[in-house]
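Asker: Sending over a structure as structure tokens; questions will come in a sec.
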Amino acid sequence: MSTLHHTLLFFSVIVLYSLASLAFPGGGAWYESLTKPEGTPPDHVLKIVWFILHVLIAASVVIAVRRKQMNRELLLLYGINWFFHQLFTLLFYRLQLPFLAAVDTILILYSTWVLIRAIRPLDKIASSLLIPYLQWSLFAIYLAVSFCVLNL
């Protein structure tokens, strides 16, 4: 693959991981009406954090592809993680189902952990780039569960 193809792949992954947030931006009046857990970042901070995380995920994908480490298993694991990542926005913001969204954050955390473990023996840098996503997923579980408890 050429540099142009890797660059296109990089930006494509960012767009793919951003699809749900582009389709369902913010929570509107419903989200604003919720009691927010302590430590809930403002929307502009969330957008910056997610952009950085999407860049790291995309870099991880490109490294795996460039080093010819991307195989069907890794592609499937990235796909599963992407699916759960997209599902959160749909469940929480669009369908307004905070409990199911909280369950989904656990699936995001688990699928990220599995992805890191699968990539680690192949490429330490590609797997290390996903660690901030794993850490943020832990924080997202706290937020999602707290939203459920505070807004029963």
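Asker: Select from the range 107-138 the residues that are of a type in the set (A, V, I, L, M, F, W, C) and in contact (Cβ under 8 Å) with a residue 60 or more places away in the chain and write down the one among them that is farthest from L53 (Cα to Cα). Before the answer, list the steps.
Answerer: Our first condition is that a residue be of a type in the set (A, V, I, L, M, F, W, C); within the range 107-138, this holds for 107-109, 113-116, 118-119, 122, 125-126, 129-131, 134, 136, 138.
From what is left, the residues that are in contact (Cβ under 8 Å) with a residue 60 or more places away in the chain are 125-126, 129-130, 136.
Values: I125: 15, A126: 13, L129: 9, L130: 8, W136: 9 Å.
Across the range 107-138, the extreme among qualifying residues is I125.
Asker: Can you pull out every residue in the range 95-112 that is open to solvent by 60 Å² or more (accessible area, probe 1.4 Å) and within 12 Å of the chain's Cα centre (by Cα)?
Answerer: Answer for the range 95-112, where residues must be open to solvent by 60 Å² or more (accessible area, probe 1.4 Å) and within 12 Å of the chain's Cα centre (by Cα): I106, L107, Y110.
Asker: Within the range 16-41, can you find the residues that are open to solvent by 40 Å² or more (accessible area, probe 1.4 Å) and among the polar types (S, T, N, Q)? Show your work before the answer.
Answerer: Step one: of the range 16-41, the residues open to solvent by 40 Å² or more (accessible area, probe 1.4 Å) are 16, 19, 21-26, 28-30, 32-33, 35-36, 38-39.
S21, S33, T35, listed by residue number.
Asker: Something else about it: Please pick out the residue among T35, T3, T7 that is of a type in the set (S, T, N, Q) and in contact (Cβ under 8 Å) with a residue 40 or more places away in the chain. Steps first, answer last, please.
Answerer: Working: T3 fails: in contact (Cβ under 8 Å) with a residue 40 or more places away in the chain; T7 fails: in contact (Cβ under 8 Å) with a residue 40 or more places away in the chain.
Result of the check over T35, T3, T7: T35.
Asker: Next question, about the same structure. Among the residues of the range 118-152, which ones are of a type in the set (S, T, Y) and out of contact with any helix residue (DSSP H, G or I) (no Cβ under 6 Å at 6 or more places or on another chain)?
Answerer: Residues of the range 118-152 that are of a type in the set (S, T, Y), as a first pass: 127-128, 133, 137, 142, 146.
Residues satisfying the conditions are S128, Y142, S146.
Asker: Okay, moving on. Under 7 Å by Cβ, and 6 or more places apart or on different chains, what pairs join a residue from the range 80-101 that is under 18 Å from N151 (Cα atoms) and modelled with pLDDT of 90 or more with one that is part of a helix (DSSP H, G or I) and open to solvent by 70 Å² or more (accessible area, probe 1.4 Å)?
Answerer: Cβ pairs passing all conditions: L91/L100.
Asker: Listed residues F92, F139; which is open to solvent by 30 Å² or more (accessible area, probe 1.4 Å), of a type in the set (A, V, I, L, M, F, W, C) and either on the phi < 0 side of the Ramachandran plot or out of contact with any strand residue (DSSP E or B) (no Cβ under 7 Å at 6 or more places or on another chain) (or both)? Show your work before the answer.
Answerer: Working: F92 fails: open to solvent by 30 Å² or more (accessible area, probe 1.4 Å).
F139 is the lone residue from the list that is open to solvent by 30 Å² or more (accessible area, probe 1.4 Å), of a type in the set (A, V, I, L, M, F, W, C) and either on the phi < 0 side of the Ramachandran plot or out of contact with any strand residue (DSSP E or B) (no Cβ under 7 Å at 6 or more places or on another chain) (or both).
Asker: Any idea how many residues of the range 119-133 are assigned to a helix (DSSP H, G or I) and surrounded by fewer than 17 Cβ atoms within 10 Å (Cβ to Cβ)? Can you show your working first?
Answerer: Filtering the range 119-133 down to residues assigned to a helix (DSSP H, G or I) leaves 119, 124-128, 131-133.
Still in the running and surrounded by fewer than 17 Cβ atoms within 10 Å (Cβ to Cβ): 124-125, 128, 131-132.
Qualifying residue count for the region: 5.
Asker: Looking at H44, H5, which is the one that is open to solvent by 80 Å² or more (accessible area, probe 1.4 Å), within 23 Å of L138 (Cβ to Cβ) and modelled with pLDDT under 90? Give the steps one after another, and end with the answer.
Answerer: On the way: H5 fails: within 23 Å of L138 (Cβ to Cβ).
Every option except H44 fails the conditions.
Asker: Right, here's the next one. What do you reckon, is Q69 open to solvent by less than 80 Å² (accessible area, probe 1.4 Å), touching a residue at least 12 places away in the same chain (Cβ under 8 Å) and not in a helix (DSSP H, G or I)?
Answerer: On the way: open to solvent by less than 80 Å² (accessible area, probe 1.4 Å): yes; touching a residue at least 12 places away in the same chain (Cβ under 8 Å): yes; not in a helix (DSSP H, G or I): yes.
In short, yes.
The values are calculated or read from the model by the stated rules, or taken from the named source; none is laboratory data. These figures come from a predicted structure and were not determined experimentally. Backbone-built Cβ (ideal geometry, glycine too); neighbour counts: all protein chains shown. To get the accessible areas, we keep the full protein, side chains included, count just its heavy atoms, and leave off ligands, DNA and RNA. Shrake-Rupley method; radii C 1.70, N 1.55, O 1.52, S 1.80 Å.
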